[in-house]
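Worksheet: one structure, shown below.
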There are 2 protein chains.
Amino acid sequence: MSNPVSTQDLTIKDILEFGATAWSETEIVYKNERVTFSQFKERVSWLAMGLTELGVRQGDVVAVIDWDTMRYMEAMFAVPMMGATLHTVNVRYPPEVVLYTMKHADDSYVIVRDEFLPLIEKFKDAFSFVKGWIVYSESGNRPNSALPNVRYYDDLLIKTHFDFPELGEESVAMVFYTSGTTGMPKGVWFTHKQIALHTMVLTAVGRLPPLNVNPDDVFMILVPLFHIHSWDYPQTVMLSGNKYVLSGKYDVENILELIRKEKVTYTATVPTVLYMILNHPRIREYAEYLRGWRVVMGGAAIPRGLALKAKEFGITVASGYGMSETHGPVTVAFFSDRVSQMNENARLNYALTGGRPLPMVRIKVVDTEGRELPHDGRSVGEIVVRAPWLTEGYLKDPERTSKLWRNGWLHTGDLGVIDEFGYVTFMDREGDAIKSGGEFISTLILESVISECHKVGEVAVVGVKDEKWGQRPVAFIVKAGTLEEGDIGSCLEDAVKQGKIQRWWIPDKFLFVEALPKTSTNKVDKKELRKLI
Amino acid sequence: MSNPVSTQDLTIKDILEFGATAWSETEIVYKNERVTFSQFKERVSWLAMGLTELGVRQGDVVAVIDWDTMRYMEAMFAVPMMGATLHTVNVRYPPEVVLYTMKHADDSYVIVRDEFLPLIEKFKDAFSFVKGWIVYSESGNRPNSALPNVRYYDDLLIKTHFDFPELGEESVAMVFYTSGTTGMPKGVWFTHKQIALHTMVLTAVGRLPPLNVNPDDVFMILVPLFHIHSWDYPQTVMLSGNKYVLSGKYDVENILELIRKEKVTYTATVPTVLYMILNHPRIREYAEYLRGWRVVMGGAAIPRGLALKAKEFGITVASGYGMSETHGPVTVAFFSDRVSQMNENARLNYALTGGRPLPMVRIKVVDTEGRELPHDGRSVGEIVVRAPWLTEGYLKDPERTSKLWRNGWLHTGDLGVIDEFGYVTFMDREGDAIKSGGEFISTLILESVISECHKVGEVAVVGVKDEKWGQRPVAFIVKAGTLEEGDIGSCLEDAVKQGKIQRWWIPDKFLFVEALPKTSTNKVDKKELRKLI
C-alpha cells in the first residue's frame, strides 16, 4: 500500500503561515514596537531577503547574540525557514565560552546587539571564521565597529517577498549549547519536524487545567530565546493565537510594568524568576494585575513556599520537567481526570510535581542496571525519556551522544520517582542528591520544606562529606527578615512531626548568605555553593 | 549534524497510552456498557492477544462489518497497534460492492456483527480468501453460521497483557473505500503517522471558538466509524480527554435519548443528520438538552435554514471541509481573530463557510490550467490541498492516484472560492455545478437560500440540459408543511432583492418529493435525483 507520492513535510514555514493568517491582527510586542502576526511574516521575509543577499545559504549556521527582542524573533523564523540553522548563543556564558560555542557550531554569519560588540571585538582575531557581522542597535545609530564585514541590521532588510524554499522536515532549524558538570558546553540541535511536533503538543496541552490557555491569553515567556528557543513558545503562539510580549533583558521592575501594561496572563519561566518577581519591594502595587496569572515553571522544582506565596496573589502555578536535551518540557503538571476531582490542597501538590508525560512521550525511572522501577511514588531512579522531539545527540560528540542515548532511551542524569497516576517528581540531579547512611535525601524536597518556614527567602541544600554518614546536608539560606538558626530548627521539627521529612534529613548546618549564586539560565549554581563550604 | 539515533515514531500506541493514563476514569459508552479509558486499553490488549492466537500477523488486513459499537472501537486500536491494517467496511454498500471492497483490500480476517451474517453467507463461496471469521453478537447467543472457521468474539478475548510491537510510523493503520461518480469504490489508506498528526491538530483546533472544546465536553460523533474512522475522533478523545458516546446504528430517537441521558455537548456529523434530528416530531421535548450543544459538520455545506433552526435551539454549528481522500476535515470554521471581532450575523456567515485551513494544511483554488486564483471570495476554481495526513493514493490504482495527485497537490474535484481572510467556501462537486449561459450557479448556495424559505424542509438542486442556456436548475423539495410553488417563487424574489442570489439563478422547476435519496454516508444522492427528471 505505498505509492511514490510525497506527503507534506512538517516545517516552521507552515506554522508561521497559520499564525499570520488565522491570527493576522494578534500582536508581538517589544518596547514601543507592536507588530501583528501578519506584519511579522512580512518582516521575516525582508530579513530572509537581506540575509540571502548577504550570502547566507541553505546549511549555513547563523548566530544571534541578543536578549529577547523583536529582531531575535524575526531571526528565529527567517533563518530556519531559509534552510539555514540558527545558533542561539547563550549571552550569559563567559566570553571565551561564547567564542568556543560559536567556533564549534561553525557560525558563518552573526547577528549581534550593539551592547555585545565590545565582548566580540576583544576576541576579534579569533573570529576569523565568521564571514559577516550584522549589528543591531536600538539607539538608531549605526554603530562604529572594528569588525570586518559589518552590516547594520536595518540596512540589511529588503522590503519584498521572499519565496521560502520547500525544506525537508529533517532540516536542522536550531542549535544551542548546554552546560554539563564538566568540560565545555555541548551543542544540541532540533529539526523542523521536532519543533513542529513539540509545538502542536504544547498547544494541545496548554488548554488543559490548571493552565486553561485560550486565544485571549497574553503570553510573556521568561525563558530566554537563547535557551531551548523559549521552549518553542514563539512557534506555539502561531498556532494558539496569543499576543506575545518580549521583555528584552530580564529586569523585575520592567517585567511587572509589562504585566500591568500588556495585561499578561500566561508565563513560562524558572522558579527563581518568579521568586524574584514576588519578592520585589513594590510587589503589592501590582497585586491587582497578578490575579489570574498562570505560570508554568521548569528547570527546577517549585518550592512549596513559593507556590503558597503565589497563591496569595491569586497566581496559578504548575510545574514542568525537562532539560535542553529533551527540547524543554516533556512533562507538565496538567490535571488528569483523577486529579481534577481531588481537593484543592491535593491539586496543588500535583501542580508542584514535575507533571505528567505529554502526548507521545514515554518516561520511566530506572535503576543503575536500566531496569524499570515501579510507579509507587517511592522508588528513586534515573529518569529516562523517549519522544519524537528529543535531540538526536550532542554536536560532533559521538561519545557523549551514545552515553546520552544508551539502550535507545535519553538518559537525563536526573533522579526522580513516578507515582501511581503517572506524575513524575524530579528529586535531584544525580550529582546533587545526598546519600546519608546509605539512604537518599532529596535536596529539592528539603529545600521546598525549608522554603515554607517563616522569613526564609531563598534556600539551597548541598551535601558535604561526612566520615560517619558518607554525606550530610548543609543549607544555604537568604533571609527575608529577622531569622535565626533556632527558628528554622523548630520549623523543621514541626515538618518532621507532620511527616514531610525524616528527622535525619534536618541539615547539620545553616549558612546565611546575601544571595545564592545562579547559572546562566537562572538556576541555583550548586557547584559554586559547594566551593563555599 | 546527524547521528544514527532513532527518535520516536508517531504511532497509535502512544495515543492510547496517553488516554488510558491521563484520562483513566473517562468513559466510552455504548448501550449499557461503560468502559473507562484505562479499562478500554486492557480490552484492546485482550483482543490483540485473541487475534494473534487466531493467526493475525503484521501486514494482514482485518475487516470490521458493524455499526458504531464498543467492539468496533476495540478493533480500531487493537488491529493497527498489532501492525495489521483495519479495513472499515462500508455496511451501507450493496452486498456485491461490499464483497468487491473486501476482496480488493485482501481482507484475511473479518469481525462481523451477527446482523450482517445473512448478507455474508449469501456470498459464502466468494469469500474463500478469508482465513477466519469472528462473529460478534449482542444477544449473548453464539450464532450458528454456515461460514467456515468461525469464532465468537467474546470467546476470542484472552485476558492478559499484550506486548504491542514498536511499529514504524509509516505502517498502514486503516483502509476504507470511497465512492466516485463512476466505477467501483476506491480504497484509501492512512498510516499511523498521518492519524497521529491529524489527531494532534484536531485536538489543538477544537479548543478555538466557536467550538471551545474542553475536557468536560461529552462527544457523540455521528460520522460512522466505517467512514474515515469517524474523522479520527476515537483517537482525538484519547488526547483531549472527552467522554465518548457510541450510538450504534444511527436512529434519531436513540440519538436524542443519548443526548439527554449522557449529556452530550459536542458532535461531528453531516448536515442531513442534524436536519433529521431537528425535524423529529418530538424534538421540543428535548429542547433543554440541546442548549449549548456544538455541532461541527462536513461532507456537504450547511444550509442557512438549518443553521438558523439550530440557533433557535441554542445549538452552535460550524462547518468543516474535507473528503475521504483528505482524511476528513482539512478546514474548520473556527473564528480567526478578525472574525471573532465581527458581529453575530457575520460570525454565523463564517461558521457556514467551509472554514479555515487547519495548521500545516495548504489549500488553494486553481483554474483548469492549475494556476492559483485570487483570495477574493469570487473566483471559482477547483480546490487542491497539501497536508501531512492526506492519503498517498488509491489502493492498487496508480492511474487514478496520479490523477488525484497531479502537480504534487491533491485534486478534490470540488469547486470553491477562498476569501480575503482565508475562509474556503465549497461551491459544488465539479459534476454538480450548473453552468447556465456560460456562468456558474452554485447549487449549494441556491439550496441554502431555498432552505430559508418558510415551510421548506430539505432541498436539493440539480442541473438539467437546456437548449438555450446549456443547463438550468431544478429544485427538489421536501415540504415541512403546506407549501406551494408560488410561495417559494416569492421567497426567492425576496432573496434576489436582498442580493443573496441572481434572478437567473431561480430554478425553472420545483418538484415536491416525499424524501431525498441519500448516499451510504448520508449525503443527498444527486445522481439518483437526476434520474427522476
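The values are calculated or read from the model by the stated rules, or taken from the named source; none is laboratory data. As the structure is a prediction and not an experimental result, all values here were calculated from the model. Ideal geometry is used to build each Cβ from the backbone, glycine not excepted, and the neighbour counts take in all protein chains shown. Side chains are part of the model used for accessible areas, which takes the heavy atoms of the whole protein and leaves out ligands, DNA and RNA. Shrake-Rupley method; radii C 1.70, N 1.55, O 1.52, S 1.80 Å.
May I ask you to verify whether B:LEU197 is open to solvent by less than 10 Å² (accessible area, probe 1.4 Å), under 30 Å from B:TYR266 (Cβ atoms), touching a residue at least 40 places away in the same chain (Cβ under 8 Å) and assigned to a loop (DSSP other than H, G, I, E, B)? In short, no.
Between B:LYS479, B:LYS468, B:LYS497, the distinction of being modelled with pLDDT of 90 or more and among the basic types (Lys, Arg) belongs to B:LYS479 only.
When restricted to residues that are of a type outside the set (S, T, N, Q), open to solvent by less than 20 Å² (accessible area, probe 1.4 Å) and within 14 Å of another protein chain (Cβ to nearest Cβ), segment A:215-249 contains 8. Among the residues of segment A:448-465, just one is among the acidic types (Asp, Glu) and either in a loop (DSSP other than H, G, I, E, B) or in contact with a Gly (Cβ under 9 Å, 6 or more places away or on another chain) (or both), namely A:GLU452.
Are any of the residues in segment A:264-282 in a helix (DSSP H, G or I) and either within 14 Å of chain B (Cβ to nearest Cβ) or farther than 21 Å from A:THR521 by Cα (or both)?
No - not one qualifying residue is present in segment A:264-282.
Could you count how many residues in segment A:495-533 are acidic (Asp, Glu) and touching a residue at least 24 places away in the same chain (Cβ under 8 Å)? Counting residues in segment A:495-533 that are acidic (Asp, Glu) and touching a residue at least 24 places away in the same chain (Cβ under 8 Å) gives 2.
The set of residues in segment A:208-223 being touching a Lys or Arg at 6+ places or on another chain (Cβ under 8 Å) and closer than 25 Å to A:GLU325 by Cα consists of A:LEU211, A:PHE219. Can you say whether A:TYR93 is surrounded by fewer than 23 Cβ atoms within 10 Å (Cβ to Cβ) and either more than 14 Å from chain B (Cβ to nearest Cβ) or in contact with a Cys (Cβ under 7 Å, 6 or more places away or on another chain) (or both), as far as the supplied structure shows? The answer is yes for A:TYR93. The single residue among A:THR199, A:THR178, A:THR203 that is touching a helix residue (DSSP H, G or I) at 6+ places or on another chain (Cβ under 8 Å), of a type in the set (S, T, N, Q) and more than 14 Å from chain B (Cβ to nearest Cβ) turns out to be A:THR178. Within segment A:250-257, is even one residue aliphatic (A, V, I, L, M) and within 13 Å of chain B (Cβ to nearest Cβ)? No - not one qualifying residue is present in segment A:250-257.
Taking (1) over 22 Å from the mean Cα position of the chain (by Cα); (2) closer than 20 Å to A:PHE176 by Cβ in turn, A:ARG92 satisfies each apart from (1). B:ASN212 satisfies every condition listed in (1) open to solvent by 10 Å² or more (accessible area, probe 1.4 Å); (2) within 12 Å of chain A (Cβ to nearest Cβ); (3) touching a Ser or Thr at 6+ places or on another chain (Cβ under 8 Å) except (3).
Of everything in segment A:480-497 that's out of contact with any Asp or Glu (no Cβ under 9 Å at 6 or more places or on another chain) and not in a helix (DSSP H, G or I), which residue is farthest from A:ASN279 (Cα to Cα)? The extreme case among them is A:GLU484.
Conditions tested, residue by residue: (1) touching a strand residue (DSSP E or B) at 6+ places or on another chain (Cβ under 9 Å); (2) open to solvent by 50 Å² or more (accessible area, probe 1.4 Å); (3) assigned to a loop (DSSP other than H, G, I, E, B); (4) more than 10 Å from chain B (Cβ to nearest Cβ).
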site	(1), (2), (3), (4)
A:ILE15	no, no, no, no
A:GLY19	no, no, no, no
A:SER24	yes, no, yes, no
A:VAL29	yes, no, no, yes
A:ARG34	yes, yes, no, yes
A:PHE40	yes, no, no, yes
A:SER45	no, no, no, yes
A:GLY50	yes, no, no, yes
A:GLN58	no, yes, yes, yes
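Selection of first residues in segment B:77-99 that are part of a helix (DSSP H, G or I) and of second residues that are open to solvent by 20 Å² or more (accessible area, probe 1.4 Å), restricted to Cβ pairs under 6 Å at least 6 apart or on distinct chains, gives the following pairs, ordered by first then second residue: B:MET81/B:LYS13; B:MET81/B:PHE164; B:PRO95/B:LEU119; B:LEU99/B:PHE123; B:LEU99/B:ALA126.
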